[in-house]
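Contents: one structure, followed by commentary.
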Amino acid sequence: MSGPRYSVGIDLGTTNSVVSYVDLNEVDGEHAPLEVLDIPQLTSPGVIGEQKQLPSFMYQAHEAELAKSDIVLPWDDTPDAIVGELARQLGAKTPIRLVASAKSWLSHAGVDRRSALLPPQSPEEVPRVSPLEASMAYLQHLRDAWDLQFPEDPLENQDLVITVPASFDPAARELTVEAAQTIGLRQAVLLEEPQSALYSWIQSSEGGWREQVKPGEVILVVDIGGGTTDLSLIAVTEEDGNLVLNRVAIGDHILLGGDNMDLALAYALRAKLQAEGKRLEPWQLQALTHACRDAKENLLIEGAPAEVAIVVPSRGSSLIGGALRTSLTREEVNRALVNGFFPKVELTEKLVVQARTGLATVGLPYAQDARITVHLAAFLSRQLGATGELAGFSPPVNARFLHPSAVLLNGGVFKSDVLAHRLLEVLNHWLDADGAPAARMLEGADLDLAVSRGAAFYGYVRKGRGVRIRGGTAAAYYVGVESTLPAVPGFEPPLEALCIAPFGMEEGTEADLPPYEFGVVVGEPVHFRFFASTVRREDVVGTRLDWWNEDELAELPEIEVVLSAEQRRPGDIVPVHLAARVTEVGTLQLEAVAKEGGQRWKVEFDVRAGEETDAPVAP
Amino acid sequence: MQIDLNLIPTTLDALHAGLAALAALLLLLCLLLALISVFAISRRPKVVAAPATTAPPAPKAVTPKPAETPRPQPARVETPKPVVVRETTPDAALQLLGLLQQEARFVDFVQENIAGHADADIGAAVRVVHEGCSKVLKQYFKLEPVRSEAEGSRLTLPKGFDAAAVRVSGNIVGEPPFTGSLIHKGWRAGKVHLPKLAEGHDASILAPAEVEL
């Protein structure tokens, strides 16, 4: 065994997963022959087809629903659940058995991500899985698909990079790594998706990128996936004559993506049909959504026809009689998508936040404001100071927001050049109002596959052979501190935030021990409130904030530590420091370090995890 | 000498199939006759044997072999060597039909009587069929034209050109190179990757009956 032969990148997406790889022996600088893995999967009962994408869906079939002999995979003749294309198809007709958007649930701070809660709102008898287990199932399928094709070089022996949204919180990152490790992929490291898209752009330029960007520039990466919108800012600097890329800011976790756009079009068409007196059944709306996805791409290109016919055939065997016919016009697409999701707004436009009314069931925290341009305005305004610490950046005095000079787009949504141009137009309108030069589009990205390709390339770059984006953690982390020493949650004295991990911690580094110590009771779970800030770059370990702007700090799920009773007596109070480090993998790890003796205990992010161990919190 | 198959309308596939079946029947009959009556002519079965191929009609299929074959000892019945015909397994054909039905409602469409419907309704249905069929073709076949020249342009076929890939017609005399104009650019399936079937999968169910609970 002479080290890994391949560098493999997995884009574990909300709606589709893709695996790219590169033979490390074949790479020469930025010339890397990247390949995309064909993933065998059930495409209909008893039929195994190969596709470049594995739809991230899982279907829990009823035992009488499909013949046993029809649910087989090349590597497993009795898979536990159906994953991929067939799961998506069956689930479209039987949603109560479909697990979808597991990735969004994995990053949903409001639920226990290890508890079996998917599919939500399904009858009792349908087996449920946790968001973590669903992610494991997808990874396992991808691993087996790889091992089938490369029996000599199993995936567990290759360099492996898994991408996550830049806006994933520490818990979601840790869960992603845990999913990989549980199925034997112990070497997996994480990479933020917008960074991955940029790596892919660098790789596909085959060295030409150095002519396209200059020191002092800021690249805005807008990555719109099926379910999420992910924003990042990357500043270009120079060091010893070499260009250096620095990821200086990331956006919030915005659950808004291409799927919302297809749905918006389908709703617009439904309204049109209803005005004609036609009522739609649920399955027709579904078929309409599907048809809109394809129609949209035809209507949102330069020189598109004025309208595209949409036909939803009847479900019976008579194709000609019962079809539902309508057409989608360019005008409607413009209204619903271009102006609905990318309206021309001023920089000062505020996000609409509606008070939620009587949400009875647990659901995903979808973005309430669908206007992506407004999200972008908020992001750029908030990150005005993002380049403050870098040499060679001098934002104009009157700048109202951080001025990007180049834009890299990613995601299938931007196959529609009309949307791409609109986004740039709006951004340039703001830049113009600030008296700044217009930004330009960076061309040549593969919108569907860039993230996985970039990840495979990153595996190679990590070996120190190519430009690497610097960044570290894109947030500073704080724990809530109350005025009395032993942290006893349950009542609310004035809260202070103690910084335990500064902004920009590099992988494989450890933060200093904060001077502040907590008294923790041995043998009992102790909870801390936990905060993150993507804008406070100056705070060092030990900084205590007694006041902050509401949008500066975001509260994350509570963290928890249990001091095991080894060597100590239960009930004793042990003074500890909370120490942070960023692992080589790219996850944040918090530890309680005993003041005396230096004993360490892991601090868990996902407090609600594992109900059986979750002891009641002392009042 | 040559019989030009292009003269037969290419759309009449059912007719061809019927003809082939008829030919096969005739062959059987002839073999039977040959067994019974020793002096039956041996040349006859040879002529009709070829059309029994399951492959689409090829020009050689009906090329009558002139009388160079009559053998004086008709007693050895196996001497009129039957043309080797490849059996195609129905699974791949059924699978393709299933895919076309699933993506394009192909079977539904062809099985429906379109006589009573307005062109506009048929047109709407055809969109579904066309879109789905083209998706299937794109996904499972790599189709490429046999000739890259523009249709209508003149081209020259060298000596030894691939007669299976290029079919000449009209004034075929003398020796290649032949020069003529390209009528149809042809299609070649460069790559076929149909999905694999699970052992025990019943491919004859092109579309399952659907029951909503």
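No value in this document is a laboratory result; all are computed from the given coordinates. Since we're looking at a predicted model, the values are computed, not measured. Note that each Cβ is placed from the backbone with ideal geometry, even for glycine, and that neighbours are counted across all protein chains shown.
Some points to look at:
- Ordering of A:220-226, A:377-383, A:538-544 by burial proxy (mean other Cβ atoms within 10 Å per residue, highest first): A:220-226, A:377-383, A:538-544
- 3J(HN,Hα) from dihedral phi, region A:413-418, Karplus parametrisation 6.51/-1.76/1.60, rounded to Hz, x for glycine, proline: 4, 7, 5, 7, 5, 4
- Put in order of Cβ neighbour count within 10 Å, fewest first, the listed residues A:I469, A:I254 become A:I469, A:I254.
- Residues within the reach of a label modelled at B:I205 (point 7 angstrom out along Cα to beta-carbon, backbone nitrogen below 20 Å), restricted to region A:309-336, are A:315-318.
- Subset of A:K93/A:K296; A:K52/A:K463; A:K103/B:K196; A:K296/B:K138; A:K415/A:K463; B:K135/B:K191 violating a 25 Å alpha-carbon distance limit: A:K52/A:K463; A:K103/B:K196; A:K415/A:K463
- Descending semi-axes in Å of the protein assembly as shown, equivalent ellipsoid built from Cα gyration tensor: 61, 31, 28
- Here's how it looks for A:V129: its modeled amide H is under 5 Å from those of A:L117, A:L118, which are all 5 or more places away or on a different chain.
- Whole-Hz ³J(HN,Hα) from phi, Karplus 6.51 cos²θ - 1.76 cosθ + 1.60, for region A:176-190, glycine and proline x: 4, 5, 4, 4, 5, 5, 4, 9, x, 9, 6, 8, 5, 10, 9
- Peptide B:191-204 has a mean of 5 when you count, residue by residue, the C-beta atoms of other protein chains within 10 Å of its C-beta.
- When the inverse distances between all different Cα atoms of region A:6-191 are averaged and flipped, the Kirkwood radius reads 16.9 angstrom.
- Label-point gap, in nm, between B:H130 and A:I573 - each point 7 angstrom along Cα→Cβ: 8.0 nm
- Under a 5 Å amide H cut-off, with hydrogens placed 1.01 Å from N, A:G321 pairs with nothing among residues at least 5 apart or on other chains.
- Sorted by Cβ neighbour density within 10 Å, fewest at the top, the residues A:E524, A:E604, A:E276: A:E276, A:E524, A:E604
- Sorted largest first, the spans of the alpha carbon positions of region A:258-341 along the three principal axes are 37, 23, 21 Å.
- In straight-distance terms, cross-link reach from A:K272 covers every one of the aspartates and glutamates whose alpha-carbon lies under 16 Å from its own, apart from those fewer than eight places away in the same chain; here that gives A:D262, A:E281, A:E307, A:E331, A:E332.
- Mean residue ellipticity (222 nm) of the protein assembly as shown, computed from DSSP H runs ≥ 4 via -39,500 (n - 2.57), nearest 500: -8000 deg cm²/dmol
- Ordering A:C292, B:C133 by the number of other Cβ atoms within 10 Å of each residue's own Cβ, fewest first, gives B:C133, A:C292.
- Assuming charge only on the beta carbon of Lys and Arg (+1) and of Asp and Glu (-1), the dipole of the protein assembly as shown about its Cα centre is about 3800 debye to the nearest 20.
- For region B:90-192, diffusion coefficient by Stokes-Einstein and Kirkwood Rh (Cα), 10 °C, 1.306 mPa s, µm²/s: 94 µm²/s
- Segment A:D434..A:L390, full-extension length gain: 13.7 nm, with 0.36 nm per residue of separation and the alpha-carbon distance subtracted.
- Shown in residue order for region B:199-205 are the 3J(HN,Hα) couplings computed by the Karplus curve 6.51 cos²θ - 1.76 cosθ + 1.60 at θ = phi - 60°: 4, x, 7, 8, 6, 6, 7 Hz (x for Gly and Pro).
- As a calculated quantity, the FRET efficiency between A:R465 and A:T509 at R0 = 22 Å, using C-beta atoms, amounts to about 0.50.
- In nm, spacing of pseudo-spin labels at B:L213 and B:V110 (7 Å Cα→C-beta vector): 3.4 nm
- Charge tally in the Cβ shell below 12 Å around B:A165, where Lys, Arg are +1 and Asp, Glu are -1, B:A165 excluded: +2
- Under the criterion of Cα pairs below 8 Å and six or more residues apart, the relative contact order for chain A equals 13 percent.
- Pair B:E175, B:I122: separation of 7 Å Cα→Cβ label points (nm): 5.2 nm
- Two-site FRET efficiency, A:A565 against A:L351, from Cβ-Cβ distance with R₀ of 56 Å, rounded to 0.05: 0.70
- Relative to its residue count, region A:476-613 spans a Cα convex hull of 120 Å³ per residue.
- Contact order for region A:363-471, expressed relative to its length and based on alpha carbon pairs under 8 Å spaced 6+ residues apart, stands at 22 percent.
- Total formal charge among the other residues, if their Cβ is under 14 angstrom from that of B:R147, Lys/Arg +1 and Asp/Glu -1: 0
- Leading residue at positive end of dipole, chain A (Cβ point charges), from A:A439, A:S135, A:G519: A:A439
- Label point at A:N242 placed 7 Å out along Cα→Cβ; residues across region A:434-465 whose backbone nitrogen lies under 18 Å: A:457-465
- Each Lys and Arg Cβ is given +1 and each Asp and Glu Cβ -1; about its Cα centre, region A:258-341 then shows a dipole of about 320 debye.
- Protection proxy ranking for A:203-211, A:31-39, using the average of other Cβ atoms within 10 Å per residue and placing the highest first: A:31-39, A:203-211.
- In this structure the amide hydrogen of A:Q51, modeled in the peptide plane, comes within under 5 Å of the amide hydrogens of A:I39, A:Q41, none closer than 5 places in sequence on its chain.
- Look at the dipole of the protein assembly as shown built from charges on Cβ: of A:A166, A:V479, A:P396, the Cα furthest out on the positive end belongs to A:A166.
- Aspartates and glutamates with Cα under 19 Å of A:K68, excluding same-chain neighbours fewer than 8 positions away: A:D76, A:D77, A:D80, A:E85, B:E199, B:D202, B:E210
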